[in-house]
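Working notes for the structure below.
The values are calculated or read from the model by the stated rules, or taken from the named source; none is laboratory data. Predicted, not measured: the structure shown is a model, and the values here were computed from it. Virtual Cβ from ideal backbone geometry, glycine too; neighbours counted across all protein chains shown. Accessible surface areas use protein heavy atoms only, side chains included; no ligands, DNA or RNA. Shrake-Rupley method; radii C 1.70, N 1.55, O 1.52, S 1.80 Å.
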Amino acid sequence: MLQEETICGLVLAAGLSRRMGEFKPLLRLRDKTLIENTIDSILESGAKQVVVVTGYRAEELEAILGEKYEGRVILTRNHEFETTDMLRSIQVGCEVIPECDAFFLLPGDMPVVKQSTFRKVLAQRDGTLGVIFPTLDGYKKHPPLVDYRLIPQILSFHGEGGLRRFWQEQEALIHTVAVDDVGVWVDLDTQEDYKKCKEQYEKKR
């Protein structure tokens, strides 16, 4: 990573949690909520601030996070969360993210990404415009580190295919770094996912 760079985070927590059957952000893991685990992982990587995009049960989530994180977390809402996809939540977050050099992008239901992964991705920053993805077994995973200068392209993208299509169009700007972290696979969509995560990570940090 370049010296004196400012890093932020963008966490997506607007979804309906339909497959889980419970409100995912407020499920418990390691003596705090899932969303707190996710936010803390980014803050502990050195991020100055984290934007959290809420939607479903926004007031409840915002009350909890606002009280705990004070100025370290910026809360914003995707008011169209029931009818839009992840890309729209990213755009909502990009509208308010503080000026920085780059930001980590992470869904709120990915609470166990290792600090070594954040460090390894950050170490690849060389000041060029682009996105750096961690990879595991050759697959691009979260959290990518997105150059702040890409925000205009993110905000102006309205084509079919959502986030996947956007990344495809930015292929020339995408870089990767291999990591040894199964946490980049762990997103909690179902009760079974949650149960396995608790069994594996409840005592780990």
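Points to keep in mind about this one:
- Cβ-Cβ under 6 Å pairs, at least 6 apart or on other chains, segment 26-49 side farther than 12 Å from L65 by Cα, far side polar (S, T, N, Q) and surrounded by 19 or more Cβ atoms within 10 Å (Cβ to Cβ): L29/N37
- Check on D180, surrounded by fewer than 17 Cβ atoms within 10 Å (Cβ to Cβ), of a type in the set (D, E, K, R), out of contact with any His (no Cβ under 8 Å at 6 or more places or on another chain) and modelled with pLDDT of 95 or more: yes
- Candidate set from segment 75-98 (those that are in contact (Cβ under 8 Å) with a residue 60 or more places away in the chain and more than 14 Å from the chain's Cα centre (by Cα)); member that is farthest from G130 (Cα to Cα): E82
- Segment 183-201: number of residues that are within 24 Å of G9 (Cβ to Cβ), more than 17 Å from the chain's Cα centre (by Cα) and loosely packed, with under 15 Cβ neighbours inside 10 Å: 1
- In segment 115-152, residue nearest to Q49 (Cα to Cα) [restricted to those that are in a strand (DSSP E or B) and among the hydroxyl-bearing types (S, T, Y)]: T135
- So L155, is it modelled with pLDDT of 95 or more, surrounded by fewer than 15 Cβ atoms within 10 Å (Cβ to Cβ), assigned to a helix (DSSP H, G or I) and in contact with a helix residue (DSSP H, G or I) (Cβ under 9 Å, 6 or more places away or on another chain): yes
- Residue match in segment 132-147 (condition: among the polar types (S, T, N, Q), touching a Gly at 6+ places or on another chain (Cβ under 9 Å), closer than 27 Å to D189 by Cα and open to solvent by less than 20 Å² (accessible area, probe 1.4 Å)): no
- Looking only at segment 32-74, residues that are open to solvent by less than 60 Å² (accessible area, probe 1.4 Å) and of a type outside the set (G, A, S) come to 23 in all.
- R125 more than 15 Å from Y148 (Cβ to Cβ) and either open to solvent by 60 Å² or more (accessible area, probe 1.4 Å) or over 16 Å from the mean Cα position of the chain (by Cα) (or both): no
- Sole residue being part of a loop (DSSP other than H, G, I, E, B), open to solvent by 10 Å² or more (accessible area, probe 1.4 Å) and in contact with a Gly (Cβ under 9 Å, 6 or more places away or on another chain), chosen from L16, L12: L16
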